[in-house]
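Structure record follows, encoded as structure tokens.
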Amino acid sequence: MDGEGLRPLTPKYTNMAKSSWFILVELLLLLECLSHLSISQGQGYDFFYFVQQWPGSYCDTRKACCYPTTGKPAANFTIHGLWPNYNNGSYPSNCNPNSPYNATKISDLLGKMEVDWPTLACPTNGGTRFWTHEWEKHGTCSESVLDQHSYFEAALNIKNKVNLLKVLEDAGIQPNDQFYREPQIREAIKAGIGYTPAITCNTDSSKNRQILEIYLCVDASGKDLIECPKFPTRCKKPPLQFPIF
Ligand code: AMP
């Protein structure tokens, strides 16, 4: 016996052992990345953004704005969408091409949708194009929890619970073409409904920044408001115009 098995490793063997470790660590990192990729490409979500828009600002962002066949919507916030989102800020989209928008599934909700979720793009298409887009891009990504009827109903129910315009008007913030500071708007909503919103803005043709959308967060069941795990990019400066509609 020359005791070969007990000899210390030569530099060659030490290097091989080191590179095996590196390969193992790299494989683990790759697996970690792949698991994130599969999450962000499809199944599951952490919470919803419930997004309402101020129609006056939306119309100011466009050359033309078309009113629904039912006429000019009331001067009130309207729904833009209920969007599944991940806690890291990314979101799934267009999750099921085999689940097209189907108005017959929500025929009992259409009257309410025309009021609370009106289309303002041209041509109006009776709202079908807007609702189709929202269902196919966003709604299909929470379909395991909310089928098509439950999805649109969930958004209408939240809208019912949250009267943004009243909360703002009670705090002296009115759609009268005046300008209001973002913290004033945010704090009025937080005080009125108990949850912190995110306010996004647009720029009109006179270069005024305006209140465009108010984001609130809703838990994954689509029922209850929650504090946002992650905010979208907010408009903090300068003061924002609340245009007459
Ligand atoms: P999303 O992809 O869900 O962020 O929605 C963006 C699309 O919705 C854009 O094409 C917008 O022009 C459109 N959009 C937003 N609000 C309205 C509205 N009130 N009526 C019609 N289309 C809208």
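Read the figures in this text as sums done on the coordinates, not as results from a lab. None of the values given here were measured: they were computed from a predicted structure. Reconstructed Cβ throughout: ideal geometry from the backbone, glycine too, with neighbour counts over all protein chains shown.
Where residues in the range 194-211 are out of contact with any strand residue (DSSP E or B) (no Cβ under 7 Å at 6 or more places or on another chain), farther than 16 Å from F245 by Cα and touching a residue at least 24 places away in the same chain (Cβ under 8 Å), which of them is surrounded by the fewest Cβ atoms within 10 Å (Cβ to Cβ)? Per the stated criteria, the residue is G194. Total residues in the range 53-78 satisfying the condition of being more than 10 Å from the ligand (Cβ to nearest atom) and either surrounded by 20 or more Cβ atoms within 10 Å (Cβ to Cβ) or not in a loop (DSSP other than H, G, I, E, B) (or both): the figure is 5. Return yes or no: is S221 farther than 16 Å from R62 by Cα, small (G, A, S) and outside any strand (DSSP E or B)? Yes; evaluated as a whole, the condition is true for this residue. Just one residue in the set N85, N94 is on the phi > 0 side of the Ramachandran plot and within 16 Å of the ligand (Cβ to nearest atom); that residue is N94.
Just one of the numbered conditions (1) touching a residue at least 24 places away in the same chain (Cβ under 8 Å); (2) in a helix (DSSP H, G or I); (3) hydrophobic (A, V, I, L, M, F, W, C) is not true of F130; which one? Here F130 meets the rest and fails (1). Of all the residues in the range 133-163, those that are of a type in the set (D, E, K, R), within 10 Å of the ligand (Cβ to nearest atom) and not in a helix (DSSP H, G or I) number 0.
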